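Q: Below is a structure I'd like to ask you about.
Every number in this text was worked out from the coordinates using simple rules, so none of it is lab data. It should be emphasised that the depicted structure is a prediction, and the values quoted were computed from it without experimental measurement. Cβ sites come from the backbone with ideal geometry, for glycine too, and all protein chains shown count toward neighbours.
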Amino acid sequence: MLKENRRIELKLPRELEVIFASLDYEKEGWLVEKNLSFSEDKLQFDFVLHLGDEEKTKQQWQMIVEGYKTSRFYPKKLGSYFQFYDHHFLLWEFQNIWTELYVKKKTVNPEALLADLCVTHQKSFGNFLPLGKFFNGANNFLELCNSGFGMFSKGPKKILDVYYDCLQRAGTEPYFFGQSNLDLENSDLKLLIIGDCYFIGNNFHFIRSVAD
């Protein structure tokens with residue numbers, strides 16, 4: 001993963017901090033999704049914290065994400081702990097300048113280029129960012145790697161920089177063209193990762209449900 005990722009300690013309700021810091025939760029606790037709903041630029045995630053098999057205790061919570069941008073949610077791939085970031089490659093889609101990446105020359109080995117792209121992408125972004133999300137014509141990767149002229153990719157420059165190095169090694173003579181202005185409204189975005197799921201928004205609030 002890229003070293004630019006930076007975790008932050010977001011202030012949580014005291015009850016949540018105590019649970020996440022407890023040895024009982026570390027050994028026997030887990031988190032379960034109850035409901036997920038959207039309203040304009042707001043997301044609400046209702047979840048249940050199970051505090052251990054023996055005590056059979058649980059708590060119901062709501063997470064409200066204000067200034068919601070996007071998320072990836074798999075109920076069966078939820079983790080047990082929250083990880084917050086203010087610098088992360090998943091935020092670049094909203095916080096980094098966008099540009100276009102072109103090639104001027106055809107590579108002699110498109111299969112090797114595709115393999116290099118796959119390996120480099122996996123090392124840099126893991127499974128959080130789908131390969132081809134910012135490719136031009138993402139339905140056929142090999143055909144794109146075999147093209148000798150035109151736009152290869154469009155997206156955040158920091159992500160395209162990773163692909164640029166692969167294209168450079170393949171001898172395609174890549175170059176960037178144009179760029180967008182930064183959207184200052186997105187400067188305060190934060191990322192929350194829970195296992196293989198994530199949420200992006202400006203503010204995260206947690207409220208314990210009365211009926212546990």
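Q: With each pseudo-label sitting 7 Å past Cα toward Cβ, what's the PHE176-ASN139 distance in nm, one decimal?
A: About 3.0 nm separates the two model spin labels.
Q: Provide the FRET efficiency to the nearest 0.05 for the ASN186-VAL18 pair, computing r from the beta carbons and using R0 = 41 Å.
A: 0.80
Q: Calculated from DSSP H runs of 4 or more alone, at -39500 (n - 2.57) each and per residue, what is the 222 nm mean residue ellipticity of the chain, nearest 500?
A: -7000 deg cm²/dmol, from helical runs alone.
Q: With an 8 Å Cα cut-off and a minimum separation of 6 or more residues, compute the relative contact order for the chain in percent.
A: Here the relative contact order equals 30 percent.
Q: Modelling each spin label as a point 7 Å along the Cα-to-Cβ direction, I'd like the THR70/ASP41 distance in nm, to one decimal.
A: The modelled label-to-label distance comes out at 1.7 nm.
Q: Can you figure out the FRET efficiency of LYS58 with ASN127, using R₀ = 35 Å and their beta-carbon distance, to the nearest 0.05? Mind dumping the intermediate values first?
A: Details: r = 29 Å, r/R0 = 0.84.
Efficiency, rounded to the nearest 0.05: 0.75.
Q: Among LYS106, LYS69, rank each residue by its count of other Cβ atoms within 10 Å, from fewest to most, as a rough exposure measure.
A: Ascending number of Cβ neighbours within 10 Å: LYS106, LYS69.
Q: Same structure, new question: Taking percent of Cα pairs over 26 Å apart straight from the coordinates, which label in [x] 40; [y] 36; [z] 46 is the correct one?
A: Structure-derived value, by its label: [z].
Q: Sticking with this one: How many nm separate the modelled label positions at GLU33 and CYS118, each set 7 Å beyond the Cα in the direction of the Cβ?
A: 2.8
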